[in-house]
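A short write-up of the structure that comes next.
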Amino acid sequence: MPPPPGAKSTSRSAAQSSADADRERPIHVAIIMDGNGRWAKARSLPRALGHRSGVNALKRTVEAAPSAGIDRLTVFGFSTENWRRPVAEVTELMGLLKSYVESDLDRLEREGVRVRIIGRRTGLAADVLEIIERAERRTAGNDEFLLQVAFNYGGQADIADAARRLAQAVKAGRLDPDTIDEAAFDRELSTAHTPAPDLIIRTSGEKRLSNFLLWEAAYAELVFQDVLWPDYGPAHLKAAVEEFRRRDRRYGGTGVDDVLATA
Ligand code: FPP
């Protein structure tokens, strides 16, 4: 059953047989890495140490992803709402993005990983912008694996930005508003270059999307795991993939091949 237009599923009708094989695995997985603060609190440690341990969990997860059949991984590193945290914590998270990229960029580049950072660039310090641009530039030719970090990202902000760009194009006479459909909208999002996630994981037991990939989540399977992010590792990722495989994805249809009605 193909996804509806605009759903950006990884199923590709042109290669149906490979799509059938792919149906069993989540090609694009997105993760809300939650629970760093609680992990630190349980150990009477400062929250910063929870985030630092979260980076180690991220490294383990990136390393384990290809053997779990995953080609693309999007992680939520910093949301547009995280600016509401104390300045010291915001500074810590900015520094962690920078140090993670600085320490791992050579290896990621060598291993064929393409790094992309999605989210608003406004408000980020010059040194953070510099490292983001360096990572994207140096890995631009890679296509083995996509590591996408949502940083200063909000799903609603991304949708608003897309709407503004479409409105500007209409105003400038470059776009006929009657042609704006799901696919046209999709092309304006910061995730336009990649199919939508098949699976979205949230750790820590919370069951919310918290403004993550709102448009792209339309047909994603959601898996909530009761583990704090710094404790996450390959076995948890494998368990989430197995849960995904037990799901029946119907994209609004019945799941039975039949003569299809059209709108
Ligand atoms: C949520 O835990 C986690 C975050 C807001 C940030 C996620 C960041 C990392 C895993 C490390 C940094 C990685 C990059 C690439 C920047 P929380 O602090 O809300 O935990 P809590 O709900 O237990 O308080």
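With respect to V55, determine if the residue is within 16 Å of the ligand (Cβ to nearest atom), at pLDDT 95 or above and in contact with a strand residue (DSSP E or B) (Cβ under 8 Å, 6 or more places away or on another chain). For V55, the condition - within 16 Å of the ligand (Cβ to nearest atom), at pLDDT 95 or above and in contact with a strand residue (DSSP E or B) (Cβ under 8 Å, 6 or more places away or on another chain) - is not met. Is it the case that some residue within the stretch 106-117 is assigned to a helix (DSSP H, G or I), within 11 Å of the ligand (Cβ to nearest atom), within 19 Å of N211 (Cβ to Cβ) and not acidic (D, E)? No, the stretch 106-117 has no match at all.
Of all the residues in the stretch 184-225, those that are over 28 Å from N142 (Cα atoms), within 15 Å of the ligand (Cβ to nearest atom) and either in contact with a Phe, Trp or Tyr (Cβ under 9 Å, 6 or more places away or on another chain) or assigned to a loop (DSSP other than H, G, I, E, B) (or both) number 10.
Restricting attention to the stretch 63-86, the residues that are near the ligand (Cβ under 10 Å from one of its atoms), touching a residue at least 40 places away in the same chain (Cβ under 8 Å) and not polar (S, T, N, Q) add up to 5.
Quick grid of which residues meet (1) within 30 Å of A65 (Cα to Cα); (2) not in a helix (DSSP H, G or I):
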site	(1), (2)
N142	yes, yes
N152	yes, yes
D158	yes, no
R165	no, no
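The values are calculated or read from the model by the stated rules, or taken from the named source; none is laboratory data. Owing to the predicted nature of the structure, the values given are computational and were not obtained by experimental measurement. With ideal geometry, Cβ positions are generated from the backbone for all residues, glycine too; neighbour counts draw on all protein chains shown.
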